[in-house]
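Read through the structure below, which is laid out as C-alpha cells, and then see the notes.
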Amino acid sequence: MTPPVSLPNLTDDCSQCAALCCVAYPFDADEDFALLKRADTPCPNLSDSCLNCAIHDDLLPKGFGGCVAYQCAGAGQRVTQELFDGETWRDDPDLLEHMTYALRVLRPIHEALLLLQEASHLPVPESAKRQGQFLMAALCPEDPKSVHDFEDPEVQDALADVPAYLQSLATFL
C-alpha cells in the first residue's frame, strides 16, 4: 500500500516567485509573444525596480497572450522559496541560470502532479488509483534540498510514466 502523499502547493503564487517564467523561457516573435527573447534572459517588460511585469494589465493587447496562458503549477514559488530560500537572481545574478534550470526541471513535475491529483477523483478501479498514488509519491522526493533531488532516476522515470498511466485511465471511463 502506498502511503498518502503530501503534495506541494500546485497553485501559482507569483508574489512568492522571482519572475522565473519571465526569464527562463525563450519567446518567439509570433501571435503569442510580441518579441523575440532568448532563454535565461529577463523579459524587457520586467520592471527595473522589482520582479513585476510593467505591462501586466495590458498583456493581451500588447501581444503577450502566451504570458496570459502560462501556468507553472506552483513550481516557480517552490524553486524560489524552497530550493533557493527566497533568494532571487536579481539579488544575485549568479543564481539566474541555476534558478531557471530548476524551474524547467520542476514545472513538468508539478504539472504531472496536478494531472495525477485530478485523475485521482475519477471513478476507476482501486488498482488504478494505487498506481496513480505510487506515481505521485515517486514525484515527491522526501525533503528535497536541491534540483538534483528532482533529477533522481526514480523521479524522472515516474514523470516519464505519467502520460501512459493517464491514457490507460480512458479504458475505465
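The values are calculated or read from the model by the stated rules, or taken from the named source; none is laboratory data. This is a predicted model, so every value here is computed, not measured. Please note: Cβ atoms are built from the backbone with ideal geometry, for glycine as well, and neighbour counts cover all protein chains shown. Note: accessible area is taken over every heavy atom of the protein model, side chains too, but ligands, DNA and RNA are not part of it. Shrake-Rupley method; radii C 1.70, N 1.55, O 1.52, S 1.80 Å.
Below is a table of values for the structure above.
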read-out	value
Output for region 1-22, where each listed residue is surrounded by 11 or more Cβ atoms within 10 Å (Cβ to Cβ) and under 20 Å from residue 88 (Cβ atoms)	8, 9, 12, 13, 14, 16, 17, 18, 19, 20, 21, 22
Residue that is nearest to residue 105 (Cα to Cα), among those in region 156-172 that are among the aliphatic types (A, V, I, L, M) and open to solvent by 40 Å² or more (accessible area, probe 1.4 Å)	160
Selection from region 60-82 of residues that are on the phi < 0 side of the Ramachandran plot and under 13 Å from the mean Cα position of the chain (by Cα)	70, 71, 72, 75, 76, 77, 78, 79, 80
Search result, residues across region 89-123 that are surrounded by fewer than 18 Cβ atoms within 10 Å (Cβ to Cβ) and outside any helix (DSSP H, G or I)	90, 91, 92, 120, 121, 122, 123
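Rundown of residues vs (1) within 22 Å of the chain's Cα centre (by Cα); (2) crowded, with 17+ Cβ neighbours inside 10 Å, yes/no style:
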| site | (1), (2) |
| --- | --- |
| 24 | yes, yes |
| 30 | no, no |
| 35 | no, no |
| 46 | yes, yes |
| 52 | yes, no |
| 58 | no, no |
